[in-house]
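The values are calculated or read from the model by the stated rules, or taken from the named source; none is laboratory data. This structure is a prediction, so every number in the text was calculated from the model and none was measured. Positions of Cβ are backbone-derived with ideal geometry, glycine not excepted, and every protein chain shown enters the neighbour counts.
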There are 2 protein chains.
Amino acid sequence: MKKKTFNLAIVGLGNIGSYFYKHLTYNKDQIEKKTNTNINIKYLSARNKSKKRKISIPKSKWIKNYLDVTKKKDVDIIIELIGGSEGPAKKLVFNGIKNRKHIVTANKSLISKYGNELSKLAESNKVNLEFEAAVAGGVPIIRVLKEGLITNKINKIYGILNGTSNYILSKMSESKLNFNEVLLNAKKLGYAESNPKSDLNGEDAKSKIQILSSLAFNCFINKSDINVEGIQSVDQIDIQNAKTLGYKIKHLAIAELKENKLIQSVHTCMIKKNSYIANINGVLNAVIIEGKPIGNYTMQGEGAGPGPTTSALISDICSILRGNIKLPFTIADKNRKKIKTMNFSQQYFSSYIRLDVLDKAGVLSGITKILSKNHISVKRLIQNQFRSKKFASIIIISHQSKNSNITKAISELSNKKFIINKPKFFRIEV
Amino acid sequence: MKKKTFNLAIVGLGNIGSYFYKHLTYNKDQIEKKTNTNINIKYLSARNKSKKRKISIPKSKWIKNYLDVTKKKDVDIIIELIGGSEGPAKKLVFNGIKNRKHIVTANKSLISKYGNELSKLAESNKVNLEFEAAVAGGVPIIRVLKEGLITNKINKIYGILNGTSNYILSKMSESKLNFNEVLLNAKKLGYAESNPKSDLNGEDAKSKIQILSSLAFNCFINKSDINVEGIQSVDQIDIQNAKTLGYKIKHLAIAELKENKLIQSVHTCMIKKNSYIANINGVLNAVIIEGKPIGNYTMQGEGAGPGPTTSALISDICSILRGNIKLPFTIADKNRKKIKTMNFSQQYFSSYIRLDVLDKAGVLSGITKILSKNHISVKRLIQNQFRSKKFASIIIISHQSKNSNITKAISELSNKKFIINKPKFFRIEV
């Protein structure tokens, strides 16, 4: 069998791109052996050639205008490592596919936003669009969903998909430091970006669960009715309360089918401290799948960083090198389902509510009145006096109540004069 | 693109085979959609046609002589579900490949014994030989090693690969029942076969770790120098002692590279009770991989049973339906390494040793003399009197000592008159 030669162009040479280029160069032989092909890293491009990097860019490979790689005849595969759902990354990937280049990308925002269009375009142009690195780098979850668990009927997929958030919550739990102290530390150690907004507010995990649920349920990526909450509201006192109550606080991304409707949510919650997911600590990611016939299946690994991302990128490249065209979401565009969503506000949860209040007569009855009006019944209530004795903290564990009722009650409570801090509430997942 | 048609023959219709046939029939549409092919379940064969089954076998599909499916022109893929490394399964798979049929098998004994020969044969006949279902059914570890982690440099792969053993150890830990009571119960519940010998003595896990290490280290399946121990020697008192010492007792399969040499072992050991692997309970399987660039990566799921096995078989079939020929061990026979092994007896371990002794003067010095002679130094020693007061149980935690020295010391101790029961020892894994 004659060996085919594939020419690769890498666009984006930041932290990830540089590491990836180095690893690819170093492991060229092994990849060629395992795929029975020849590969050339033909072109490299990035915004700024002279930026300080751990690699040196050979003159012969440098392309000034990154979009040129989409037009060159001697490019077969483009590896997009620019990032962002708009601008250069979007242009590169759309143009690349139109010009019949295979695409490998680590770009979760791009895929979650334009994955439906890109997938259709790739299908009609008969090229591959691979994005293993976009979700949980060190956990080959995309390939497992597309190949290992093909034809399993999955009814729920959830997990910890943002390493930064999980690192911060784990550290708060270990160290008793507060949110801002831990965040500062995480930045120093490289576990949080200088602008960690999309990690902390849930947006990053949201992109990832959208991609996963689309693969798990064979439907189009669904952007409506997603509940997105981050970890910014978690105080050290909530971490401590969770411990006392037998829980841990974790930030989960959840996609689930109920009555054939899709529910997607990203939120911070309390979860039994002995459960599997409660014990995923540090920057680790974990994914749990409930399906038939496989039963419960879980994977964990490092979610981000140059090493895990590179592992995912190489696996995508090898899949392309092996030769056949695979549909980006395993099924043809015409077979992907338009799934209906179920509004998250209609879901039922048991909740943890923390209210810091003035310690005076009538407060407790004021609270219970609002709860009762909103059909929230109390399972457990603990009142702790502050050191100053003028204030108290009231912790309520509610029975299962409708999400919209809880948020309404919280909002009503917020306006009461006896409430001295913004009320906190976290759902309890089982 | 015109759809290709693939004809399938299933041989072996026991518990697994029947479930698989039913699932495949039911999910035919979805598989065809996801692979853009047509599939026909053309032939079925088994030892006994009239055996009571949950499925009915259509007359038109029945083949009396199972070997006929290897000769029929209208068979593309043979699914071997007979089991066993010799006899019919071996004949079917060898003949099938020689006659250019793709093979999908769940047969770990066959692959661990003849995988090297079969793989070479499949390569020269340009057919696929897939065996995802042979190791940890509900954990798609084979595909992850072959595709998701391709070109990772793995230096260790280990885990819990025998669901029956793990179920028994977990139940002993929960219930305080002894080995035989739990085993009886496991048989009743279907978690242990009526003849569970190969599950309990480590042979089953041995086959699986041989297959995994061959894939992880890109070498031929290696049959020499494997240490194989089962769980039969675990007493309830050891489970209790482990708890007191902060450990859990688990049966692990381990393959590791040291100085470019391969170490393979299957043994019962103590492991820190808070570690990930110590908390894999019941019939679950788990695999941990240490590699570069991926870091630490773990997977867990149900290891056996009709559902998980079927999930694995279908994923193998889909991989074949997608059309390209893949090498069974990802690299060509000529590129697979002949790896040297390191003798397990030369490895160093900290150990737990339990000696039931006559409670009289001189015993302790008799024990420590033998340990010292064999270069085993004691880290911790606990003596508990039996209720009868004539006997005592001595627990020793040793510092790191050479495996051969420990086994020699244990054997010398066994011959001492003051030892009243067979001495127990378990390695402590870190």
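Quick test of your reading of the structure: B:SER165 fulfils all but one of (1) farther than 24 Å from B:SER311 by Cα; (2) modelled with pLDDT of 95 or more. Name the failing condition by number.
Unmet condition: (1).
Picking from A:LEU284, A:LEU245, which residue would you name as being away from chain B (no Cβ under 14 Å) and aliphatic (A, V, I, L, M)?
Every option except A:LEU245 fails the conditions.
Please go through segment B:153-190 and pick out each residue that is aromatic (Phe, Trp, Tyr) and touching a Phe, Trp or Tyr at 6+ places or on another chain (Cβ under 6 Å).
Matches in segment B:153-190: B:TYR167 only.
Looking only at segment A:37-83, which residues are more than 32 Å from the chain's Cα centre (by Cα), in a helix (DSSP H, G or I) and charged (D, E, K, R)?
A:LYS59, A:LYS61 - these are the residues of segment A:37-83 that are more than 32 Å from the chain's Cα centre (by Cα), in a helix (DSSP H, G or I) and charged (D, E, K, R).
Which residue, of B:GLY307, B:GLY303, is farther than 24 Å from B:LYS153 by Cβ, more than 8 Å from every other protein chain (Cβ to nearest Cβ) and modelled with pLDDT under 95? Steps first, answer last, please.
Details: B:GLY307 fails: more than 8 Å from every other protein chain (Cβ to nearest Cβ).
None of the other options fit; the residue is B:GLY303.
Identify all residues within segment B:135-169 that are within 14 Å of chain A (Cβ to nearest Cβ) and of a type in the set (Gly, Ala, Ser); write none if there are none.
B:ALA136, B:GLY137, B:GLY138, B:GLY148, B:GLY159, B:GLY163
So which of B:GLU147, B:GLU193 ends up being of a type in the set (Asp, Glu) and outside any helix (DSSP H, G or I)?
On inspection, the qualifying residue turns out to be B:GLU193.
Kindly indicate whether any position in segment B:254-266 is modelled with pLDDT of 95 or more, assigned to a strand (DSSP E or B) and within 17 Å of B:LYS424 (Cα to Cα).
Yes, segment B:254-266 contains a residue that is modelled with pLDDT of 95 or more, assigned to a strand (DSSP E or B) and within 17 Å of B:LYS424 (Cα to Cα).
Quick one: in segment B:332-373, which of the residues that are touching a residue at least 40 places away in the same chain (Cβ under 8 Å) and within 14 Å of another protein chain (Cβ to nearest Cβ) is farthest from B:LYS402 (Cα to Cα)?
If we take residues in segment B:332-373 being touching a residue at least 40 places away in the same chain (Cβ under 8 Å) and within 14 Å of another protein chain (Cβ to nearest Cβ), then B:ALA332 is farthest from B:LYS402 (Cα to Cα).
Within segment B:1-15, is there a residue that is more than 19 Å from B:GLY323 (Cβ to Cβ) and within 14 Å of chain A (Cβ to nearest Cβ)?
Within segment B:1-15 (the criterion being more than 19 Å from B:GLY323 (Cβ to Cβ) and within 14 Å of chain A (Cβ to nearest Cβ)), the answer is yes, since at least one residue qualifies.
Between a first residue in segment B:109-127 that is in a helix (DSSP H, G or I) and a second residue that is surrounded by fewer than 20 Cβ atoms within 10 Å (Cβ to Cβ) and acidic (Asp, Glu), which pairs have beta carbons less than 6 Å apart while being 6 or more apart in sequence or on different chains?
B:LYS120/B:ASP333; B:GLU123/B:ASP333
State yes or no: is B:ASN155 surrounded by fewer than 20 Cβ atoms within 10 Å (Cβ to Cβ) and outside any helix (DSSP H, G or I)?
Answer is yes for this residue.
Give the residues of segment A:84-95 that are assigned to a helix (DSSP H, G or I) and under 16 Å from A:ALA134 (Cβ atoms), sorted by residue number.
If the condition is that a residue be assigned to a helix (DSSP H, G or I) and under 16 Å from A:ALA134 (Cβ atoms), then A:ALA89, A:LYS90, A:LEU92, A:VAL93 are the ones that fit.
Any idea which of B:LYS389, B:LYS416 is surrounded by 13 or more Cβ atoms within 10 Å (Cβ to Cβ), basic (Lys, Arg), over 30 Å from the mean Cα position of the chain (by Cα) and not assigned by TED's automatic domain parsing to the domain that holds B:LEU215?
After applying the criteria, what remains is B:LYS416.
Among the hydrophobic types (A, V, I, L, M, F, W, C), assigned by TED's automatic domain parsing to the domain that holds A:SER207 and not in a strand (DSSP E or B): is that true of A:ALA278 in this structure? Talk me through it step by step, then tell me what you get.
Values: among the hydrophobic types (A, V, I, L, M, F, W, C): yes; assigned by TED's automatic domain parsing to the domain that holds A:SER207: yes; not in a strand (DSSP E or B): yes.
Yes.
For segment A:322-331, check the following and say yes or no: at least one residue is free of Cβ contacts under 8 Å to residues at least 12 places away in the same chain and more than 7 Å from every other protein chain (Cβ to nearest Cβ).
Checked against the condition, which is being free of Cβ contacts under 8 Å to residues at least 12 places away in the same chain and more than 7 Å from every other protein chain (Cβ to nearest Cβ), segment A:322-331 yields no hits at all.
Say whether the condition of being among the basic types (Lys, Arg) and over 20 Å from the mean Cα position of the chain (by Cα) is met by at least one residue in segment A:106-117. Before the answer, list the steps.
Residues of segment A:106-117 among the basic types (Lys, Arg): A:108, A:113.
Of the ones still in play, those that are also over 20 Å from the mean Cα position of the chain (by Cα) are none.
No, segment A:106-117 contains no residue that is among the basic types (Lys, Arg) and over 20 Å from the mean Cα position of the chain (by Cα).
Applying the selection to segment A:249-273, what residues are over 20 Å from A:GLY303 (Cα atoms) and either among the charged types (D, E, K, R) or in contact with a Pro (Cβ under 6 Å, 6 or more places away or on another chain) (or both)?
Once the filter is applied, which keeps residues that are over 20 Å from A:GLY303 (Cα atoms) and either among the charged types (D, E, K, R) or in contact with a Pro (Cβ under 6 Å, 6 or more places away or on another chain) (or both), segment A:249-273 yields A:GLU256, A:LYS258, A:GLU259, A:LYS261, A:LYS272, A:LYS273.
Just checking, which of A:LYS334, A:LYS292, A:LYS326 is more than 23 Å from the chain's Cα centre (by Cα), assigned by TED's automatic domain parsing to the domain that holds A:ASP225 and among the basic types (Lys, Arg)? Full working, then the answer.
Numbers: A:LYS334 fails: assigned by TED's automatic domain parsing to the domain that holds A:ASP225; A:LYS326 fails: assigned by TED's automatic domain parsing to the domain that holds A:ASP225.
Criteria check complete, one pass: A:LYS292.
Could you please find all residues in segment B:213-242 being of a type in the set (Gly, Ala, Ser) and either surrounded by fewer than 18 Cβ atoms within 10 Å (Cβ to Cβ) or in a loop (DSSP other than H, G, I, E, B) (or both)?
Selection gives B:SER224, B:GLY230, B:SER233.
Considering each residue of segment A:1-57, count those that are loosely packed, with under 12 Cβ neighbours inside 10 Å and touching a Cys at 6+ places or on another chain (Cβ under 8 Å), and give that number.
0
Consider segment B:182-215. How many of its residues are touching a strand residue (DSSP E or B) at 6+ places or on another chain (Cβ under 8 Å) and more than 15 Å from B:ILE111 (Cβ to Cβ)?
Restricting attention to segment B:182-215, the residues satisfying the condition of being touching a strand residue (DSSP E or B) at 6+ places or on another chain (Cβ under 8 Å) are B:201-203, B:205-206, B:208-210, B:212-213.
From what's left, more than 15 Å from B:ILE111 (Cβ to Cβ): B:201-202.
Total meeting the criteria: 2.
Residues in segment B:281-293 that are in a loop (DSSP other than H, G, I, E, B) and in contact with a strand residue (DSSP E or B) (Cβ under 7 Å, 6 or more places away or on another chain): how many?
Of the residues in segment B:281-293, 1 are in a loop (DSSP other than H, G, I, E, B) and in contact with a strand residue (DSSP E or B) (Cβ under 7 Å, 6 or more places away or on another chain).
Being surrounded by fewer than 17 Cβ atoms within 10 Å (Cβ to Cβ) and over 20 Å from A:ASN128 (Cα atoms) is the filter here; which residues of segment A:58-83 pass it?
Passing the criteria: A:PRO58, A:LYS59, A:SER60, A:LYS61, A:TRP62, A:LYS64, A:ASN65.
Looking at (1) part of a helix (DSSP H, G or I); (2) buried (at least 18 other Cβ atoms within 10 Å of the Cβ), which is the one condition that is false for A:LYS188?
Status for A:LYS188: all satisfied but (2).
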